[in-house]
Amino acid sequence: MPEEKVEIRLDADVFHKRARHFLSNLKSSPNKEASDELIQAFQGVNSILVVVGELREEYPYQKSTAIQQWLLGYEFNDTLILFTPDKIHFIVKEKKAEVFEQLKQGDRQVPFEIHKRSKDSSHNQTLFEQIISKISEGEQKRVGLLLKDKMSGNFVQEWQNVYNKFNQNFEEKTTRMACKISTAMMYRFINVVSSVIDEEKEITHEQLSEDMENMLYTKDEKWLTSQKSLQDVRIVDFSRTDVCYAPIIQSGGVYDFKPSAQSNTDKLHDGTILCSLGVRYKSYCSNIGRTILIDPTKEQEKNYEFLLDIQRRTLELLKDGQKIGDIYSRVMNFVKNKRSDLADKFVKSLGHGMGIEFRESAYNVNQKNTKVLKAGMVLNLFIGFLDLENPKASDEKSKTYSLWVIDTVKVGNNSSQLLTEGNRTLDSICFSLKDDNESDHEAKETKPRSKALENKRNTTRKSAVLRTKFRSEEKDDESQDQRRKKHQEQLAARKQADGLARFSEKSNEKTSQHKAVFRAFESYKRDTALPKEVKDLKIIVDSKSESIILPVFGFAVPFHISTLKNVNKSEEGEYVYLRLNFMTPGQATGKKEDNPFDDPNANFIRAFTYRSTDPLLSEIYKKIIDLKKAAAKRETERKEMADLIAQDKLIEIKGRRPTQRLSDVFVRPGLEGKRVPGELEIHENGLRYHSHRTTQKLGNDILFSNIKHLFFQPCDNELIVLLHIHLNNPIIHGKKKTKDIQFYREASDVQFDETGNRKRKYRYGDEDELGAEQEERRRRAVLNREFKTFAEKIAEASEGRVDVDIPFREIGFQGVPFRTNVLLQPTTECLVHLTDPPFLVVPLPEIEIAHLERVQFGLKNFDLVFIFKDYSRPPVHINTIPMNQLENVKDWLDSVDINFYEGTQNLNWAQIMKTINSDPADFFEQGGWSFLKLHSENEDSAASSDSASEYMQSEDSYEESSSDDSSLDEDASDVSTGSGSEESSDESAPDWDEHEEKARRADERKHGTKKGDDSDDDRVKSKKYRR
């Protein structure tokens, strides 16, 4: 006989009691104040994951099933339980979910959530991804697993597939972060070396290596936060950062490419300098190596450019399915065919595999290795030439030099991707110690060196004085425009490669998360909740439930106000007509996209029309309008507050008043009521603004973790001195949401005395103008110093999370970002306007590209559009920039590595971004942003053809005239006729009197008036002047 099904009953009281005890210990275990026994039991994890697959008899005793027995009293197969400090998550089948619903009983319930599995694998994958997102929430992401338990079954296999995919993403993110830190350290090393050589300091290789290694262990991480490669440096755990090996620095003709090489005790030589360093972050390694050239010869530059060509060729060969030995052979053949004289100096190995181990010898990239590369592998790519000869050396140590470029790369399906970028081109590693007007011979004999160590490629056009009298000598030097164009091409290629890498593997992750989501509205849960007036079968407007109840064929039918599109009222004779139009699929609801529907193929009611002689219908119309407005207002407020997040509480300084405070400052946006000054105080984890003269308080305190940018703008050439804070997430300020808060003090109020900030009781006669100007400058200097010092204290209190940024007024330009023409000032990380609201803060790292519009001859202004990397954000438009600022804007965009394009027309960016968001992968496969360049070239060709035709027409008109002083009106020129032939004699052409008469008649036709005597006098004067 078949066994009877046993009804499972769970004890909710026991579950909540034991779960409450378990979660309290889990929550307190990471704290330092916890007991040693508790810390040892949980080992500092923030969540615990228990996965049970098939229940097999050969494994009766497992900790996962023991936890189920302890909490639930039963063992459940194919079940996942996630314990977090605040909540428990269950993933079970739908039938088991009904059993777990029994736990929703009792007074002191532990928060838990039941996720129902189904037969749909995509649905189950979504559930697993949600669990992984719960594990990865917060700063600490340590999860406890029961590794000794043996799990099997389809459920376990599905979970492991999703988890392994997430783990691979974690490995890639960690490796990329290690590469970013390595790149930042190399950038710092190049700056240190340039300063050492410029200041003629003596330092050994070993000492410089120690300084670079100690840099990673210092508490001062400003050198990291200042690098563009570490935009997300705030999430870096520097306690888990270490060097893979002591940095290797070599110079002075002695070079070693062996893995065992070390920095020796020789002094740094200003010739060819090699440096390599590696950083390990969360156990994953990275490596980078660069060559620094001081006063290189043309031959050295040529060899280094060839080295970069070899690296580009190697990156194309490193792809999935390629044998390692074949790759080295093809690279070696490339070197022999292009530069056979350098073949014997080329390295014998192109690097090795890298991951948790720095050197995986099984994947050495040499000619003998027969292993096959796979996509996703990380390699240390080493390209170099050892012991090259320099016949034009200036000293003995420079006669022998070596070149290398080392990078961490990721193997892809079609090619490899560089993970350590920057500082590879000659522009960034080539420096000159010579003055521009010095020859090579003079540079050798001159002992005092230039005090401005400059990039050799940037020494052109530093002065208005020509470096040579012969144009032929300048042919090798690139103009500034050519260099900028070349740099933009590099940025465009890099942007295209990044776009392909960004969306090729995530083609399924399109912008669906930004699409409108169907929202279900419920007017009444049951019939008894309807108003009593429905019995009369009248139109009822229920403001409480936000619904309209309409009589339809003898029934009272409620409609939620959100389903109503609009309502119209009209009167014809004694009748009043009321028409209610509802939302239906296919209707345009406004500027936004159509509203989503749960089932667009269902039947919908489009409109109702009611006719009545009752004048109350007009009152009902007014109520519906008011209800619609109130609902629209609430919906707008809901959307505005959607991105608000709960902040941590401000930790105040206990026992005393904060000593670090800024007094008598005003806040913008202003609070309601009278404008009164207040104080800005620095506490342990944030800022607080309050006023002693009023009970008003800032809606939310400003935490250091929420500060994205901190700006200090001095009062030079301004009426106020200010501190501006741009936040990561908006807060409620007063009653409004804002991401920008500003604290300022007026700098030009002469009615206040500095001794007490009170109005002067007596005003004497005119002060001496010179003394007044000196006093004004002194007051402004004091204000600047006070605000700047306070900003630096904020940066210091934030422990490196916040840096002070100051706008560069000298490279600012005028523009219209909103409605008024303002001065836009670049900073290190942003483009800002802070003087008057509305404020503008455009972070440069978030910009994808810039587009210059209306750039054509004859216009006085042009426009600038910024497109962000987050394609869901609307582009920022800055209009009416003076045309004389065009080159300055281009130079600035190029200097901050922003790829820009230009065109003669304004583009419809709303439609363009909608098309891109529909399929970003296809957009980059079709060429990406290169369509802007093609669009600009097409416009230029059209403009050139138009200008050519205009030129020909103007030439004919010019040939028709017989005088250089022709100033006739357009109408007069249309009246004039002639063949324009050069063979026509002067006698056949019309004389000056005939021209004057034609011009007079044309003016009379144009203005409808006749010229008076003054015009006749002018014509007489013209005749005399011509004679």
Hey, among Ala588, Ala631, Ala602, Ala520, which residue is closer than 30 Å to Lys914 by Cα, at pLDDT 80 or above and part of a loop (DSSP other than H, G, I, E, B)?
-> Ala602
Qualifying residue in the stretch 337-346 (condition: buried (at least 20 other Cβ atoms within 10 Å of the Cβ), of a type outside the set (Gly, Ala, Ser) and not in a strand (DSSP E or B)) = no
From the option list Phe608, Phe597, single residue qualifying as at pLDDT below 75 and either in contact with a strand residue (DSSP E or B) (Cβ under 6 Å, 6 or more places away or on another chain) or surrounded by 13 or more Cβ atoms within 10 Å (Cβ to Cβ) (or both) is Phe597
Candidates Val99, Val14 - the one that is more than 18 Å from Lys116 (Cα to Cα) and at pLDDT 85 or above | Val14
Given the conditions (1) open to solvent by 50 Å² or more (accessible area, probe 1.4 Å); (2) under 16 Å from Lys319 (Cα atoms); (3) at pLDDT 90 or above, report the number of the one that Met377 does not fulfil.
-> (1)
Contacts under 8 angstrom Cβ, first residue in the stretch 907-928 being under 23 Å from Arg494 (Cα atoms) and open to solvent by 40 Å² or more (accessible area, probe 1.4 Å), partner aliphatic (A, V, I, L, M) and part of a loop (DSSP other than H, G, I, E, B), 6 or more apart = none
Residues that are touching a strand residue (DSSP E or B) at 6+ places or on another chain (Cβ under 8 Å) and aromatic (Phe, Trp, Tyr), drawn from the stretch 174-221 = Phe189
Filtered residue count, the stretch 535-570, keeping only those that are more than 17 Å from Met583 (Cβ to Cβ), open to solvent by less than 40 Å² (accessible area, probe 1.4 Å) and assigned to a strand (DSSP E or B) | 7
Can you confirm whether the stretch 655-672 contains a residue that is polar (S, T, N, Q) and touching a residue at least 60 places away in the same chain (Cβ under 8 Å)?
-> yes
Quick count over the stretch 46-57, residues being closer than 16 Å to Lys148 by Cβ and assigned to a loop (DSSP other than H, G, I, E, B), is 2
Residue among Ile651, Ile682 that alone is surrounded by fewer than 16 Cβ atoms within 10 Å (Cβ to Cβ) and among the aliphatic types (A, V, I, L, M) = Ile651
How many residues does the stretch 871-906 contain that are open to solvent by less than 70 Å² (accessible area, probe 1.4 Å) and out of contact with any Pro (no Cβ under 9 Å at 6 or more places or on another chain)?
-> 20
For the stretch 713-740, which residues satisfy the criterion of being open to solvent by 10 Å² or more (accessible area, probe 1.4 Å) and over 24 Å from Glu637 (Cβ atoms)?
-> Pro714, Asp716, Asn717, Glu718, Leu719, Ile720
Return yes or no: is Gln814 open to solvent by less than 90 Å² (accessible area, probe 1.4 Å), at pLDDT 90 or above and under 18 Å from Gly686 (Cα atoms)?
-> no
Please go through the stretch 63-86 and pick out each residue that is exposed (fewer than 14 other Cβ atoms within 10 Å of the Cβ), among the charged types (D, E, K, R) and not in a helix (DSSP H, G or I).
-> Asp86
Do you know which of the residues in the stretch 598-652 that are in contact (Cβ under 8 Å) with a residue 60 or more places away in the chain and more than 42 Å from the chain's Cα centre (by Cα) is farthest from Lys735 (Cα to Cα)?
-> Tyr610
Inside the stretch 713-738, can you point out the residues that are in contact (Cβ under 8 Å) with a residue 60 or more places away in the chain and under 22 Å from the mean Cα position of the chain (by Cα)?
-> His724, His726, Asn729, Pro730, Ile731, Lys737, Thr738
Residue check: is Pro60 part of a loop (DSSP other than H, G, I, E, B), open to solvent by 20 Å² or more (accessible area, probe 1.4 Å) and in contact with a helix residue (DSSP H, G or I) (Cβ under 7 Å, 6 or more places away or on another chain)?
-> no
Could you please find all residues in the stretch 654-669 being loosely packed, with under 10 Cβ neighbours inside 10 Å and among the hydroxyl-bearing types (Ser, Thr, Tyr)?
-> Thr659
Considering the stretch 814-863 alone, what residues qualify as being in contact (Cβ under 8 Å) with a residue 40 or more places away in the chain and among the aliphatic types (A, V, I, L, M)?
-> Val816, Leu824, Val832, Leu834, Val841, Leu844, Ile847, Ile849, Ala850, Leu852, Val855
Could you tell me whether any residue of the stretch 301-311 is of a type in the set (A, V, I, L, M, F, W, C) and part of a strand (DSSP E or B)?
-> no
Matching residues in the stretch 189-206 - criterion: being among the polar types (S, T, N, Q), in a helix (DSSP H, G or I) and surrounded by 15 or more Cβ atoms within 10 Å (Cβ to Cβ) | Ser194
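The values are calculated or read from the model by the stated rules, or taken from the named source; none is laboratory data. None of these values were measured; they are calculated from a predicted model. All Cβ positions, glycine included, derive from the backbone under ideal geometry; neighbour counts span all protein chains shown. Heads up: the accessible areas ignore ligands, DNA and RNA and are worked out on the full protein's heavy atoms, side chains in. Shrake-Rupley method; radii C 1.70, N 1.55, O 1.52, S 1.80 Å.
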